[in-house]
Amino acid sequence: MTSMKINPNTKTEITFDDFKEEVLNDYRLAVTSRECSLLGRREVLTGKAKFGIFGDGKEVPQIAWAKAFENGDFRSGYYRDQTFMMAIGELTIEQFFAGLYANTDLKEEPMSAGRQMGGHFSTHSLDENGHWKNLTQQKNSSADISPTAGQMPRLLGLAQASKIYRNVKGIDTTNFSVKGNEIAWGTIGNASTSEGLFFETINAAGVLQVPMVISIWDDEYGISVHAKHQTTKENISEILKGFQRDKNDKGYEIFRVNGWNYPELIDTYQRAAQISRKEHVPVMIHVQELTQPQGHSTSGSHERYKNQERLAWEAEYDCNSQLRKWIISNNIATDEELTTLEREIKKAVRVAKKAAWKAFISPVLQECNEAVLLLDKLASSSSNGVFITKLRNDLTAIEEPIRRDILVTTRKALRYVVSEDSSAKITLQHWINNYLDTIQPKYSSHLYSESDLNAVNQSEVLPTYDSDSQDVDGRVVLRDNFDAIFSNYPEALIFGEDAGYIGDVNQGLEGLQEKYGELRVSDTGIREATIIGQGIGMAMRGLRPFAEIQYLDYVMYALQIMSDDLATLQYRTKGRQKAPLIIRTRGHRLEGIWHSGSQMGGILNLIRGIHVLVPRNMTKAAGFYNTLLESDEPALVVECLNGYRLKEKLPTNIGEFKTPIGVVETVREGEDITLVSYGSTLRLVEQAAKELQVMGIDSEIIDVQSLLPFDLNHDIVKSIAKTNRVMIIDEDVEGGASAYILNEIVNTQNAFQYLDSQPKTLASKPHRPAYSTDGDYFSKPSVEDIFEAVYSVMHELSPSDFPSLR
Ligand SMILES: Cc1ncc(C[n+]2csc(CCOP(=O)(O)OP(=O)(O)O)c2C)c(N)n1
Ligand SMILES: [Mg+2]
């Protein structure tokens, strides 16, 4: 492997030879990275790779940055940072091309095992068993995502972790921090600073005073759109001047530097690092006058939107050409020396690219050869041999086959022998099945943790009670359990709107800030996306954050980052990064268009990769928190807003009992029909069941509790096998969570065979709920609605026993 790690030592006194060597190494890297970009584009244009987005034009600032980046530091950036990744020794030329080809072997393509487009970088925080590596002894990059500015919320949390590690006593920091000296470094394109997430993060980091250094790579464009359409005054550092700290007020240190000025860049990054690392002050570096020599990506050419003058300027101020000029004019090396160096580099990149292609294509060719042999055998034993041979020949005619070609051919071949019997057919059937079993995980594994710490591995511990156990408000169970959590887990912390001083809007954290301090139980600004970002970043650095979103309806503000970042993290790194963040919120059965607390279907479908738990009371909720803390996975827990003042018995084993994940609970046994629900609506179902009993209808009620994962033991279908009827009652709209549950019951649990009546769902009206009690009554399923819906199922079955009600 060709590593191009640069010398990170910035000695104060060095010999000329040392200096020359360092500068030439830097130049070598800049040219190597550029050559990768140039060849990368060619690979796409000739069809070997699908899409390319490269770091050309941004090489020199990234080399300066890498010199200031230390072990334990984290990057949260975007697709232009290949030179930086090479400079810290985390991306070789072969790996660069492996990413472009989507090599699914994590050893060849460590960024994402081919799951992400090239240009999406990451390092491994976890070993092959999903356990933490020592992050203080390596240079770290959180895994990139494509949505512009999506790297910002997590950046905040990565930086905040240093602050927690520096100031909170009692945490085992071995794998994560040395006295909180780590900087979280962000990068973002100039145009992406137009996103709300950028501004939200910048403000929050200024408030929190965390060691975050954000570099803005400014090339004046966002694809084809010029800065004049993006940024007021066309200058992001100009408009953010008000964030500059001064004698009286904390804020940012803001630097401006030109991206082609090698010595100034080095100096700026050193100064930025010093301030941020030592003082925990956020720093912004606006790197101006950058270029984009090959245009935005392989999807188009920049000549369409840049005028001649701009193109000429870009050619002159290309950071690599400027570095070259600087080297010559300072007599560090001659033109000839550099030309020789450039020639060597061109060759080295070509050789490495070829090696990467070979590594990518060899296993596929081998798989293809296996398939061809089997097809030959099949053809020779089949009366449709000519057709099979034609398929086989079409496959071998493909010079660079992909796995799809192999499967298309072999699966089609089976159709020609559908009514034949032969050992060749059986062998091919087995081969296809095995092939799918082996290959499919390359594309589908690690949506959830596959380590021994995954959440479904945690077993239930029941709450215990004694004769002295008192009835208390539900919120007291939660509060006492959080108290136990913060005392048992020094690395646990909670933050959100009103979560600190007053102990959350429902007093579930009453008195805990006083006990555990403002860093562990804290108020935040009103900024849901970055509350989640704080949680993601801190969880990625070994802390156990609870991010509190005040109400379920406002999860919508954070849903994008939950969906794009948190939910995909394990998947997009093939299990090499994790963020076991617990998101606490409250909802269900509220009233009002923006206070309905019921948009579960949307959430469920957008955050696969995060567990979704819907406890019916606070003991169940506390039990989920205890389970999650023993596991390594993220979850959203929706507490019932109307449950905080309902009485529950206070368990004696607070902090220890655990609610299992993916397990339903039968809360009422019955013979006639299975009613499936969860959360606050479950209480209405229980009431309806009592009333139905009076009319002779005996319902079984199942509390789902855990929507994702869903009923792993398939207990619902066991109930349906007994009752032969099912109704799902949910306060979300039709087609939302009830449809999700129905799909699980019918498709995953195969309930069809046991049903004697049509499976039913009862959901809310299609509009958002109107305000007040009548608003609720006329918008969401009521006890009467549930009663009548169940009754009508029984009426259909036996109109004489259950005559029509109305
Ligand atoms: C949320 C979102 N919107 C749009 C896009 C498509 N897109 C990708 S890059 C880009 C332009 C980004 O420009 P800038 O931030 O200046 O970065 P540059 O590519 O110039 O370095 C756009 C619009 C995206 N990836 N995400
Ligand atoms: Mg730009």
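The values are calculated or read from the model by the stated rules, or taken from the named source; none is laboratory data. Note that the structure is predicted; figures quoted are calculated from it, not measured. Quick reminder, even Gly has a Cβ in these numbers, built from the backbone with ideal geometry, and neighbours come from all protein chains shown. To get the accessible areas, we keep the full protein, side chains included, count just its heavy atoms, and leave off ligands, DNA and RNA. Shrake-Rupley method; radii C 1.70, N 1.55, O 1.52, S 1.80 Å.
Just one of (1) over 28 Å from P709 (Cα atoms); (2) crowded, with 24+ Cβ neighbours inside 10 Å; (3) hydrophobic (A, V, I, L, M, F, W, C) trips up A547, so point out which.
With (1) over 28 Å from P709 (Cα atoms); (2) crowded, with 24+ Cβ neighbours inside 10 Å; (3) hydrophobic (A, V, I, L, M, F, W, C) applied to A547, the lone miss is (1).
One residue is enough: does the range 274-291 have a residue meeting the conditions within 16 Å of ligand 2 (Cβ to nearest atom), over 15 Å from T187 (Cβ atoms) and in contact with an Asp or Glu (Cβ under 6 Å, 6 or more places away or on another chain)?
So far as the range 274-291 goes, yes, one or more of its residues are within 16 Å of ligand 2 (Cβ to nearest atom), over 15 Å from T187 (Cβ atoms) and in contact with an Asp or Glu (Cβ under 6 Å, 6 or more places away or on another chain).
From the list H611, H595, which one is modelled with pLDDT of 95 or more and not β-branched (V, I, T)? Spell out how you get there, then give the answer.
Working: H595 fails: modelled with pLDDT of 95 or more.
H611 is the lone residue from the list that is modelled with pLDDT of 95 or more and not β-branched (V, I, T).
Can you tell which of G99, G150 is within 16 Å of ligand 2 (Cβ to nearest atom) and under 23 Å from A567 (Cα atoms)? Please lay out each step first, then the result.
Details: G99 fails: within 16 Å of ligand 2 (Cβ to nearest atom).
So the residue among G99, G150 that is within 16 Å of ligand 2 (Cβ to nearest atom) and under 23 Å from A567 (Cα atoms) is G150.
Among the residues of the range 237-258, are any open to solvent by 20 Å² or more (accessible area, probe 1.4 Å), in contact with a Gly (Cβ under 8 Å, 6 or more places away or on another chain) and closer than 23 Å to Y78 by Cα?
no
Please count how many residues of the range 206-232 are open to solvent by 60 Å² or more (accessible area, probe 1.4 Å), near ligand 1 (Cβ under 9 Å from one of its atoms) and among the β-branched types (V, I, T).
1
Would you confirm, using the coordinates I've provided, whether F84 is in a loop (DSSP other than H, G, I, E, B) and either over 30 Å from S444 (Cβ atoms) or out of contact with any Asp or Glu (no Cβ under 9 Å at 6 or more places or on another chain) (or both)?
On the way: in a loop (DSSP other than H, G, I, E, B): no; either over 30 Å from S444 (Cβ atoms) or out of contact with any Asp or Glu (no Cβ under 9 Å at 6 or more places or on another chain) (or both): yes.
No, not satisfied.
Could you please tell me which pairs satisfy a Cβ distance under 7 Å, a separation of 6+ or placement on different chains, a first residue in the range 320-337 that is more than 16 Å from E22 (Cα to Cα), and a second residue that is among the β-branched types (V, I, T)?
D335/I328
From the set of residues in the range 145-173 that are open to solvent by 10 Å² or more (accessible area, probe 1.4 Å) and among the small types (G, A, S), which is nearest to ligand 1 (Cβ to nearest atom)?
Among those that are open to solvent by 10 Å² or more (accessible area, probe 1.4 Å) and among the small types (G, A, S), it is S146.
Would you be able to tell me the number of residues in the range 258-288 that are of a type in the set (A, V, I, L, M), under 19 Å from D246 (Cα atoms) and not in a loop (DSSP other than H, G, I, E, B)? Steps first, answer last, please.
First pass over the range 258-288, keeping only residues of a type in the set (A, V, I, L, M): 265-266, 272-273, 275, 281, 283-285, 287.
Adding the requirement that they be under 19 Å from D246 (Cα atoms) leaves 272-273, 275, 281, 283-285.
In the following step, the residues that additionally are not in a loop (DSSP other than H, G, I, E, B) were identified as 272-273, 275, 283-285.
Residues flagged as of a type in the set (A, V, I, L, M), under 19 Å from D246 (Cα atoms) and not in a loop (DSSP other than H, G, I, E, B) within the range 258-288 amount to 6.
If a residue has to be open to solvent by 20 Å² or more (accessible area, probe 1.4 Å) and in contact with a helix residue (DSSP H, G or I) (Cβ under 8 Å, 6 or more places away or on another chain) to count, how many in the range 347-372 make the cut? Can you show your working first?
Initial filter on the range 347-372 (open to solvent by 20 Å² or more (accessible area, probe 1.4 Å)): 347-348, 350-351, 353-355, 357-360, 362-363, 365-367, 369-370.
From what is left, the residues that are in contact with a helix residue (DSSP H, G or I) (Cβ under 8 Å, 6 or more places away or on another chain) are 348, 350, 353, 355, 357, 359-360, 367, 370.
Matching residues across the range 347-372 total 9.
Being charged (D, E, K, R), in contact (Cβ under 8 Å) with a residue 24 or more places away in the chain, within 13 Å of ligand 1 (Cβ to nearest atom) and in a helix (DSSP H, G or I) narrows it down to one of E314, E200, so name that one.
Numbers: E200 fails: within 13 Å of ligand 1 (Cβ to nearest atom).
After ruling out the rest, the residue left standing is E314.
Scan the range 273-294 for residues that are more than 13 Å from ligand 1 (Cβ to nearest atom), within 29 Å of the chain's Cα centre (by Cα) and either open to solvent by less than 30 Å² (accessible area, probe 1.4 Å) or closer than 24 Å to Y27 by Cβ (or both) and report the count.
Total satisfying the criteria: 8.
Is at least one residue of the range 302-318 under 32 Å from the mean Cα position of the chain (by Cα) and at negative phi?
Residues of the range 302-318 that are under 32 Å from the mean Cα position of the chain (by Cα), as a first pass: 302.
From what is left, the residues that are at negative phi are 302.
Checked against the condition, which is being under 32 Å from the mean Cα position of the chain (by Cα) and at negative phi, the range 302-318 yields at least one hit.
All but one of (1) of a type in the set (G, A, S); (2) closer than 22 Å to N140 by Cα; (3) in contact (Cβ under 8 Å) with a residue 60 or more places away in the chain; (4) crowded, with 24+ Cβ neighbours inside 10 Å hold for S33, so report the exception by its number.
(3)
Taking the range 686-734, which residues are farther than 19 Å from V790 by Cβ, assigned to a loop (DSSP other than H, G, I, E, B) and of a type in the set (A, V, I, L, M)?
L712
Condition first: out of contact with any Gly (no Cβ under 7 Å at 6 or more places or on another chain), β-branched (V, I, T) and either within 16 Å of ligand 2 (Cβ to nearest atom) or over 22 Å from R271 (Cα atoms) (or both). Now tell me which residues in the range 202-233 satisfy that.
If the condition is that a residue be out of contact with any Gly (no Cβ under 7 Å at 6 or more places or on another chain), β-branched (V, I, T) and either within 16 Å of ligand 2 (Cβ to nearest atom) or over 22 Å from R271 (Cα atoms) (or both), then I216, I223, V225, T231, T232 are the ones that fit.
Can you find a residue that is within 16 Å of ligand 2 (Cβ to nearest atom), open to solvent by less than 20 Å² (accessible area, probe 1.4 Å) and under 18 Å from the mean Cα position of the chain (by Cα) anywhere in the range 174-186? Give the steps one after another, and end with the answer.
Initially, the range 174-186 is screened for residues within 16 Å of ligand 2 (Cβ to nearest atom), giving 186.
Filter again for open to solvent by less than 20 Å² (accessible area, probe 1.4 Å), leaving 186.
The next check asks that each one be under 18 Å from the mean Cα position of the chain (by Cα); those that pass are 186.
Checking the range 174-186: at least one residue is within 16 Å of ligand 2 (Cβ to nearest atom), open to solvent by less than 20 Å² (accessible area, probe 1.4 Å) and under 18 Å from the mean Cα position of the chain (by Cα).
Which one of these does H795 not meet: (1) touching a residue at least 40 places away in the same chain (Cβ under 8 Å); (2) open to solvent by 50 Å² or more (accessible area, probe 1.4 Å)?
Checking H795 against (1) touching a residue at least 40 places away in the same chain (Cβ under 8 Å); (2) open to solvent by 50 Å² or more (accessible area, probe 1.4 Å), the one that fails is (1).
The conditions are (1) more than 21 Å from Q151 (Cα to Cα); (2) open to solvent by 70 Å² or more (accessible area, probe 1.4 Å), and Y305 fails exactly one of them. Which is it?
(2)
Residues in the range 757-791 that are part of a loop (DSSP other than H, G, I, E, B) and under 22 Å from I745 (Cα atoms): how many? So that I can check it myself, show each step before the final result.
Initially, the range 757-791 is screened for residues part of a loop (DSSP other than H, G, I, E, B), giving 757-759, 765-771, 778-782.
Retained after the next criterion (residues that are under 22 Å from I745 (Cα atoms)): 757-759, 781.
Of the residues in the range 757-791, 4 are part of a loop (DSSP other than H, G, I, E, B) and under 22 Å from I745 (Cα atoms).
Restricting attention to the range 675-685, report how many residues are in a strand (DSSP E or B) and farther than 14 Å from A737 by Cα.
Going through the range 675-685, the residues in a strand (DSSP E or B) turn out to be 675-677.
Restricting the remaining residues to those that are farther than 14 Å from A737 by Cα gives 675.
Looking only at that region, the number is 1.
Checking the condition outside any loop (DSSP other than H, G, I, E, B), touching a residue at least 12 places away in the same chain (Cβ under 8 Å) and under 30 Å from K649 (Cα atoms), which residue from V472, V372 passes? Spell out the reasoning first.
Working: V372 fails: under 30 Å from K649 (Cα atoms).
One residue alone meets the criteria, V472.
Does D246 satisfy being of a type outside the set (V, I, T) and within 16 Å of ligand 1 (Cβ to nearest atom)?
Numbers: of a type outside the set (V, I, T): yes; within 16 Å of ligand 1 (Cβ to nearest atom): no.
The answer is no for D246.
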